[in-house]
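Input: a single structure, listed below in structure tokens.
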Amino acid sequence: MSFELGDAWFRYPRSGEPALRGVSVEIPAGSHTAVVGPNGAGKTTLARLLLGTLRPQSGHALFEGRPAADWPRREMAKRVGVVAQGGPPVLPISVSGFVEMGRNPYVRPWAPLGEEDREKVSGALRRADLEELASRSVTELSGGEVQRAKLARAFAQDPTVLVLDEPTAHLDVAHEMEIFRLVRDFVDAGGSAVTITHSLHLAGRFADRLCLLADGLLEAAGSPSEVLRSEVLSRVFDWPIEVVALDHAGLAGLHVVPVDRDQDPTRSEEPT
Amino acid sequence: MRRRRNRAIGILGLSLLLVVAMAAALAVGPANLSLPEIWTALQPSAGESPARAILLWVRMPRIVAAALSGAGLAVSGVLFQALLRNPLAEPYLLGVSSGAALGAVAALSLGLTVGPVGVALAALAGALIAIATVFRVAYAAGQLDTRVLILAGVVVASFFGAGVMLVLTLAEGRTARSALLWTMGSFGQASWQMNVALAAYSVPAALAAFGLSRHLNALALDEESAAHLGTEVERVKKISYLLASLLAAAAVSVAGVIGFVGLVVPHAIRLVWGVDHRYLIPMSFLAGGSLLVLADAAARTVAQPLEVPVGVVTALIGVPFFLVLLRRGYARKPL
């Protein structure tokens, strides 16, 4: 088990409603788990508890059996690579300098990067297809390139687990696919990943397990076909949603289709 | 690769600049010593002579004090700018200088002290009180809130500034003048004794800051990303604040208030060699030292036989430079 939340509650200081209200999830090693849910459901808070940057006020949040917030950051960073949300980078450093920061947990203070560190950095750049951009400033990258650079930085940490918070927000279809593909490859090579995303169909396609959060509660968890169900999604997102199984041109998957409110079959049958 | 070589050249060039500046400053002063005279007087075999005494006991302590203070102030500036994520942050922003000034001015005006070492100690005490006050206010529940830190620092600075005014108003004319001169900065009181204390403070603090440079780079992204890259964010913030404050306090105790070094030097280095703290810190150390050595040499010579306060010289250089930076929109860029 890589991550484990048990009846975890969290309320931000000076806010009325708890962001998480007793969530229990287990995230097994070697799988890709997607966390989905409406805006404000508590997805990012959940990630922060898993990563130990927040500590649950009651319940527990464990990473490899130890409370996540008790991990020395350096040790955590050798195991978990994070692609966090956040705007475009503002610090004018080169892409390779940016990716080198992934070696921070391994390099002693006052020491330069070692041979192994350099290899990991160039490996990460290659994996994320950034070799040609290595000397470019991160402030000049496009949205898709920035996300790839963040992913490369996480790869350079040589982690066993990746945690990604909306890695494909504002990206077009091609870049979205690229990122999910890279994460899927990472998991297929023996890693684990937790991805927070709004993209229900990519989650259904690339993740092994889904956790559906709403209003600080875990509404459903399981395989994509268990979680992506019309009545559950329609209720949670408060919008009529159809789930269509599609097997077209060798592309098997669930397609999540929001329906127009007017065309909602359940509504049109209501007496006027 | 080009960049890396540029930085290596930069470090070498700045080291050379510091050595040259210190050597040149040795030849400058009210006593007219020619270069051959200096050379002979400094030979280890040379006996005691007035020239040797001037060089060893007047000029050298001053030069070393200026180099150490400038280096410390510049590194302090780097740390404050990284910690507060604010390009305008400088060593004195958070009340360090006002605290030190009140300590020194009070000591001078009330005649409580014996000699320059006493004044330096009083200044250090004032600076430490200001630092501790600001830290107490901004540090809560294991976290250092940098927004509170700025506000508390600026307000504490005003408070101690008012204290300085009050003491100056009440002081007698002669002591008031020497106190006022102190607040403008001078290395006139430098001694080997003080330099030993200054070096014992600044050199380890600058080395410690250099050891933090990877963490400071990560913090420049944002606090959450830094944590995910293995930085103990709160610990690094706390240590940076204390190192930066102590570096500034040490400099201000020895030399009085010297503005702009901590602001101008790091920005100039960033413009030329980039924002990586692994280079920014050692380069600022070298350049800050050189700048104050040269400024002090200028302060000693431009208005002979009068000595201009070195704080005046750095401000006169610093303000136009900073306005140019502003004009170029540099201050709007982060770090």
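The values are calculated or read from the model by the stated rules, or taken from the named source; none is laboratory data. Please read all numbers here as calculations on a predicted model, not as lab measurements. Here Cβ is always computed from backbone atoms with ideal geometry, including for glycine, and neighbour counts include all displayed protein chains.
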Residue tally, condition farther than 29 Å from B:TYR279 by Cβ and out of contact with any helix residue (DSSP H, G or I) (no Cβ under 8 Å at 6 or more places or on another chain), over segment B:5-39: 5
Evaluation of B:THR231 against (1) within 24 Å of B:LEU93 (Cβ to Cβ); (2) surrounded by fewer than 24 Cβ atoms within 10 Å (Cβ to Cβ); (3) within 11 Å of another protein chain (Cβ to nearest Cβ) (one fails), failing number: (2)
Number of the exception - B:VAL28 against (1) hydrophobic (A, V, I, L, M, F, W, C); (2) part of a helix (DSSP H, G or I); (3) at pLDDT below 95: (2)
Residue list for segment B:278-324, filter: surrounded by fewer than 24 Cβ atoms within 10 Å (Cβ to Cβ) and under 30 Å from B:VAL236 (Cα atoms): B:ARG278, B:TYR279, B:PRO282, B:GLY318, B:PHE322
B:ALA130 at pLDDT 85 or above, within 18 Å of the chain's Cα centre (by Cα), under 28 Å from B:VAL236 (Cβ atoms) and not basic (Lys, Arg): yes
Unique match (being over 11 Å from A:VAL36 (Cα atoms), among the β-branched types (Val, Ile, Thr), at pLDDT 85 or above and assigned to a strand (DSSP E or B)) among A:VAL243, A:VAL256: A:VAL243
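State all residues of segment A:163-183 that are surrounded by fewer than 17 Cβ atoms within 10 Å (Cβ to Cβ) and touching a residue at least 60 places away in the same chain (Cβ under 8 Å); if no residue qualifies, say none.
If the condition is that a residue be surrounded by fewer than 17 Cβ atoms within 10 Å (Cβ to Cβ) and touching a residue at least 60 places away in the same chain (Cβ under 8 Å), then A:ALA169 is the only one that fits.
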Test: A:ARG126 is over 21 Å from B:ALA226 (Cα atoms) and not in a loop (DSSP other than H, G, I, E, B): yes
Selected residue (only one of B:ILE11, B:ILE63 is within 14 Å of another protein chain (Cβ to nearest Cβ), assigned to a helix (DSSP H, G or I), farther than 30 Å from B:PHE135 by Cβ and not charged (D, E, K, R)): B:ILE11
Hey, B:ALA250 assigned to a helix (DSSP H, G or I) and more than 12 Å from the chain's Cα centre (by Cα) or not: no
Hey, A:GLY22 more than 18 Å from the chain's Cα centre (by Cα), more than 10 Å from chain B (Cβ to nearest Cβ), over 30 Å from B:VAL275 (Cα atoms) and modelled with pLDDT under 95 or not: yes
Selection status of B:VAL272, of a type in the set (Val, Ile, Thr) and more than 9 Å from chain A (Cβ to nearest Cβ): yes
Single residue of segment B:201-228 satisfying the filter (over 25 Å from the mean Cα position of the chain (by Cα) and more than 8 Å from every other protein chain (Cβ to nearest Cβ)) that is surrounded by the most Cβ atoms within 10 Å (Cβ to Cβ): B:ALA226
Hits in segment B:271-314 (condition: in contact (Cβ under 8 Å) with a residue 40 or more places away in the chain and among the small types (Gly, Ala, Ser)): B:GLY274, B:SER284, B:ALA287, B:GLY288, B:GLY289, B:SER290, B:ALA295, B:ALA297, B:ALA299, B:GLY311
Which numbered condition A:ARG184 misses (of (1) farther than 27 Å from A:LEU246 by Cα; (2) modelled with pLDDT of 90 or more): (1)
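Could you please give the count of residues in segment A:146-183 that are assigned to a helix (DSSP H, G or I) and more than 14 Å from chain B (Cβ to nearest Cβ)?
12
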Segments classed as helices (runs of 4 or more DSSP H), wholly inside segment A:189-237, with at least 3 members that are surrounded by fewer than 19 Cβ atoms within 10 Å (Cβ to Cβ) and over 14 Å from the mean Cα position of the chain (by Cα): A:230-237
Verdict on B:ILE258 being of a type outside the set (Lys, Arg) and either assigned to a helix (DSSP H, G or I) or within 14 Å of chain A (Cβ to nearest Cβ) (or both): no
Flag if B:ALA120 is among the aliphatic types (A, V, I, L, M), crowded, with 16+ Cβ neighbours inside 10 Å and free of Cβ contacts under 8 Å to residues at least 24 places away in the same chain: no
